[in-house]
1. Determine which single condition A24 fails, assuming it passes every other condition in (1) closer than 25 Å to L127 by Cβ; (2) over 18 Å from the mean Cα position of the chain (by Cα); (3) modelled with pLDDT of 70 or more.
2. If V75 satisfies every condition in (1) of a type in the set (A, V, I, L, M); (2) at pLDDT 95 or above; (3) more than 24 Å from S130 (Cα to Cα) but one, which is the exception?
3. Every residue in region 126-152 that is in a helix (DSSP H, G or I), free of Cβ contacts under 8 Å to residues at least 60 places away in the same chain and crowded, with 17+ Cβ neighbours inside 10 Å, please.
4. Looking only at strands (runs of 3 or more DSSP E) that lie completely in region 46-123, which have at least 2 residues being under 16 Å from V142 (Cβ atoms) and of a type in the set (G, A, S)?
5. Just the residues that are in contact (Cβ under 8 Å) with a residue 40 or more places away in the chain, part of a strand (DSSP E or B) and among the hydrophobic types (A, V, I, L, M, F, W, C), please, taken from region 153-164.
Amino acid sequence: MLESAEKNIQSAKQILREIMGSKAPISAIAEKAKTVSISGGGKIIEGVFDGQNMMGPDGKKYPVPANYASKSKLVEGDVLKLTISDDGSFIYKQIGPVEREKKLGILSQTENGEYRVIVDGKSHRVLLASLTYFKAEPGDEVAIVVPQGQDSEWAAVENVIKHDGTPGPGAIADSPKPDEDIDRDLDLE
């Protein structure tokens, strides 16, 4: 059990190094992630989002609800504040977003059912909650958000363009489809 715990700690440290950029020392992560106790109001923990969870300064993973991460378009490296109230409820708030960039790729599904967006030869994992919201399917074009200038395993879904060219439910419904002739309905006489 001790060996397993040590391996988990090493894995957590490696994930944090990757999130913070290349070979950032653990002390740099500790500066971004801290714990503050508040009497009567619960406990506040600041940590770094890893694509699915918040990594706390204690090395623990705190589960971030997929719907919140998806709706907020959280990306790896974002700093979150978690308030654990006296009744045990978790309330997350994004307090330190990292610089972001948008990319366009194609949604694929691996043999084990995992969804990934392929952009520039790199594969990014995406949350199923985002894909469900946009009703995305393998082969659809997906606009993603990733940390700017950093490699990331995870990406946030910005929008989806279906294989047939129609935008996903989050897009503006009145915009013309790419193959429509915009001038067709205009009376130019």
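1. Result: A24 fails condition (3) only.
2. (3)
3. Within region 126-152, the first condition is being in a helix (DSSP H, G or I), and the residues that meet it are 128-134.
If we keep only those that are free of Cβ contacts under 8 Å to residues at least 60 places away in the same chain too, we end up with 131-132, 134.
Listed by number, the residues that qualify are L131, F134.
4. Values: elements: 53-55, 61-63, 79-84, 90-96, 100-109, 115-119.
It comes to 100-109.
5. The initial filter retains those residues of region 153-164 that are in contact (Cβ under 8 Å) with a residue 40 or more places away in the chain, namely 153-158, 160.
This time we only want the ones that are part of a strand (DSSP E or B), so: 154, 156-158, 160.
Scanning region 153-164 gives W154, A156, V157, V160.
Conditions tested, residue by residue: (1) touching a helix residue (DSSP H, G or I) at 6+ places or on another chain (Cβ under 9 Å); (2) at pLDDT below 95.
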residue	(1), (2)
K81	no, yes
G88	no, yes
I91	no, yes
G96	yes, yes
N112	no, yes
R116	no, no
D120	no, yes
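The values are calculated or read from the model by the stated rules, or taken from the named source; none is laboratory data. None of these values were measured; they are calculated from a predicted model. Glycine gets a Cβ as well: all are built from the backbone with ideal geometry, and neighbour counts include every protein chain shown.
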